[in-house]
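What follows is a set of notes on a single structure, which appears directly below.
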Amino acid sequence: MSSIPLPQAPICVRFAPSPTGRLHIGGVRTALFNYLYARQQGGKFVLRIEDTDRERSEKQYEDEILFSMRWLGLEWDGDPIRQSERLPRYQEAAAELIAKGLAYESVEDGKKAVRFRMPKQAVKFKDSVHDEVAFDSSLWEDLVIMKSDGYPTYHFAVVVDDHDMGITHVIRGDDHLTNTPKHILLYLAFGWKPPKYAHLPLIMGADGTPLSKRHGAVAASDYREQGYLAQGTLNYLALLGWGPEGNEEIFSLSQLVKKFSLKRITKSNSRFNPEKFLWLNSQHLKNMPEEEYLRGMTEYWSGRNDWTQHPQWAQILKLYKTRARTWKDLELQAGYVFQKDLKLDSVICAEMTTDPQAVEGLKAWVAKAQDMSFEDPLKLEQMTRELAESSGVKPAVLIHPLRFAVSGTKVTPGLFELMQVIGKETCLARIRILIEKAPKTA
Ligand code: GLU
């Protein structure tokens with residue numbers, strides 16, 4: 001019962017989330033660095049669910065964490081290990097320390113618990129990020145290792161599990177740095193060799209405090225919902241506290257695996273920058289092969305509304321490929337394409353129709369376009385330019401109000417391609433609405 005049947009490897013790392021909330025992006029960064037290290041070294045990456053806090057642990061959070069890990073593509077080796085399924089092992093390990101005289105039964109809140117007799121000594125260890133780290137345990141009180149409910153404490157379970165799972169490197173957040181000397185003393189009490197440690201700098205919000213819900217979205221699933229890509233998310237998080245040589249910033253997961261090194265993790269905390277995250281995500285969307293982009297966008301929007309049923313869906317997506325920064329951004333960039341009842345801003349309506357030449361031009365344009373197919377953007381453009389020329393106005397006099405009428409905005413992809421995807425009937429109806437709103441001349 002002292003080792004867990006996991007794929008043994010010269011290098012074995014783990015991600016050990018507590019299922020007390022959704023997967024936080026700080027947790028994703030920890031999982032990612034462990035994953036990158038394991039894959040690069042040909043080692044194993046295992047997942048351990050630290051569910052010994054009975055009050056706060058919930059199955060729904062465990063499910064959510066596994067779901068988010070899969071979404072991100074951070075596949076782990078073997079089955080996840082659940083601490084709640086290993087209680088006899090912790091009891092056995094506690095009994096071992098009691099038998100050695102290194103722990104004792106104590107009474108906590110009227111119930112029996114077990115405390116580790118804290119050795120009073122200097123504890124030094126080498127951390128891949130912080131180099132030499134030293135603590136003095138002489139003022140620390142004896143550590144509760146088994147709680148009165150029969151569950152181990154975090155400190156105890158983590159040591160027994162890391163040992164039994166053959167973990168060679170513990171890569172986790174700086175918030176655990178002060179726990180590490182306690183863990184090392186437990187390793188020594190058992191006569192086990194401690195793993196190597198790398199404590200990662202924390203991720204801070206704009207105000208310099210650790211990133212939390214107060215700063216906005218912090219769960220990986222929030223970003224998924226907001227239409228971020230797994231690869232954009234991983235790329236951004238990789239650069240929080242780590243950086244390769246050179247100025248390059250855009251990496252796929254497999255490129256990160258090649259480039260990652262524990263040595264290049266920074267000591268200082270990093271600042272979460274939502275704009276940079278969005279920009280990196282947009283770069284991944286832009287660089288994505290067309291097929292994958294169409295599939296991803298369709299997957300994101302299916303079930304959210306009926307846009308994917310639009311007869312020109314694929315054409316619409318092509319038109320916005322370089323504009324959408326996330327899947328969800330399509331709504332902001334192209335929502336007007338799908339709207340049944342497009343609302344036009346009255347101030348801009350007035351601005352677009354003050355010039356009587358523009359209004360006359362729109363009427364003439366509709367008269368011509370009625371007899372045309374909208375399938376050929378070049379023909380629509382040619383007709384528009386000829387019409388402008390014969391009316392003695394610049395093409396822009398027609399193009400600006402046409403663009404506004406069909407989209408409700410002043411900036412769109414190429415107007416005539418846009419008209420093609422919106423379709424003749426809708427375009428003409430929308431243009432007539434703008435004409436109707438024009439001030440009536442006597
Ligand atoms: N379960 C701990 C946490 O979620 C991680 C413990 C560890 O990595 O040692 O913070």
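Excluding same-chain neighbours fewer than eight residues apart, the aspartates and glutamates reachable from Lys276 by a Cα-Cα span under 18 Å are Asp207, Asp222, Glu248, Glu249, Asp329.
Under a 1.4 angstrom probe, counting protein chains only, how are Glu245, Glu360 ranked by accessible area, largest first?
Ranked list, largest accessible area first: Glu245, Glu360.
Of the residues Lys437, Lys112, Lys276, ranked by 1.4 Å probe accessible area with the largest first, the sequence reads Lys112, Lys437, Lys276. Here r is the Cβ-Cβ distance between Ser391 and Leu188 and R0 is 56 Å; the resulting FRET efficiency, rounded to 0.05, is 0.05.
Given all pairs of different Cα atoms, what value in angstroms does the Kirkwood hydrodynamic radius of region 350-424 take? Result for region 350-424, one decimal place: 12.4 Å. Average projection, convex hull of the Cα set of region 314-356: 4.5 square nanometres.
When the convex hull of its Cα atoms is viewed from all sides, region 199-240 shows a mean projected area of 3.4 nm². Across region 294-442, the relative contact order, built from alpha-carbon pairs under 8 Å that are at least six residues apart, equals 29 percent. Near the amide H of His169, within less than 5 Å, lie the amide hydrogens of Cys12, Lys196, all on another chain or at least 5 residues away, with H placed in the peptide plane.
Of the DSSP beta bridges with both residues in the chain, give the percent that are antiparallel, rounding to the nearest 5. It would help to have the intermediate numbers written out before the result.
Numbers: 19 of 34 bridges.
In the chain, DSSP labels about 55 percent of beta bridges as antiparallel.
Taking Cα centre as origin and charging only the Cβ of basic (Lys, Arg, +1) and acidic (Asp, Glu, -1) residues, the dipole magnitude of region 112-220 rounds to 240 debye.
Under 5 Å between amide hydrogens, built in the peptide plane, is the criterion, and for Trp242 it picks out Thr266 among residues at least 5 positions away or on other chains. With the charge dipole of region 97-153 set up from +1 on Lys and Arg Cβ and -1 on Asp and Glu Cβ about the Cα centre, the Cα lying farthest toward the positive end among the listed residues Phe135, Gly150, Phe125 is that of Gly150.
Restricting the calculation to Cα atoms, region 12-125 yields a radius of gyration followed by a Dmax of 17.5, 50 Å. Given a 1.4 Å probe and the protein chains as shown, Trp242 ends up with an accessible area of around 10 Å².
Output the 0 to 90 degree angle, nearest 10, between the alpha-carbon long axis of helix 424-437 and the longest principal axis computed from the alpha carbons of the chain. The answer is roughly 70 degrees. In this entry, region 72-164 is assigned a mean projected area of 8.7 nm², taken as a quarter of its C-alpha convex hull surface. Per-residue ellipticity at 222 nm computed for the chain from its helices equals -14000 deg cm²/dmol, with DSSP H segments shorter than 4 residues left out and the rest contributing -39,500 (n - 2.57).
For the chain, the longest principal axis of the alpha carbon atoms and the long axis of helix 59-72 meet at an angle near 60°. Quick one: in region 229-298, what % of C-alpha pairs are over 18 Å apart? Percent of Cα pairs beyond 18 Å in region 229-298: 41. Just read off the accessible area of His24 with the full protein assembly in place, 1.4 Å probe, to the nearest 10 Å². So the heavy atoms of His24 present about 60 Å² to solvent.
For the chain, relative contact order (Cα pairs under 8 Å, six or more residues apart, normalised by length) works out to 13 percent. Relative to the first principal axis of the alpha-carbon coordinates of the chain, what is the inclination of helix 377-391, with its axis defined by its Cα atoms, in degrees from 0 to 90 and to the nearest 10? The two axes meet at around 40 degrees. Any idea what log10 I(q)/I(0) is at q = 0.06 Å⁻¹ for the chain, Debye with uniform C-alpha scatterers and no solvent? Computed log10 I(q)/I(0) values: -0.41.
Charge dipole of the chain (Cα centre as origin; +1 on each Lys and Arg Cβ, -1 on each Asp and Glu Cβ, all else neutral): 500 debye, rounded to the nearest 20.
Shown are Asp376, Asp109, Asp162, whose ranking by accessible area with a 1.4 Å probe and every protein chain present, most to least, is Asp109, Asp376, Asp162. How many nm is it between the label spots at Leu378 and Ser106, if each spot is 7 Å from the Cα in line with the beta carbon? It works out to 8.4 nm between the two label points.
Taken about its Cα centre, region 1-144 carries a charge dipole of about 260 debye when Lys and Arg each add +1 at the Cβ and Asp and Glu each add -1 at the Cβ. What pairs in Lys363/Lys394; Lys259/Lys318; Lys286/Lys328; Lys286/Lys424; Lys363/Lys437 have C-alpha atoms more than 22 Å from each other? Those over the limit are Lys259/Lys318; Lys286/Lys424.
The values are calculated or read from the model by the stated rules, or taken from the named source; none is laboratory data. In this text the structure is predicted, and so the values were computed from the model without any measurement. Don't worry about glycine lacking a Cβ; one is built from the backbone with ideal geometry, like all the others, and counts go over all protein chains shown. For the accessible areas, the whole protein counts, side chains as well, though only heavy atoms, and no ligand, DNA or RNA atoms are used. Shrake-Rupley method; radii C 1.70, N 1.55, O 1.52, S 1.80 Å.
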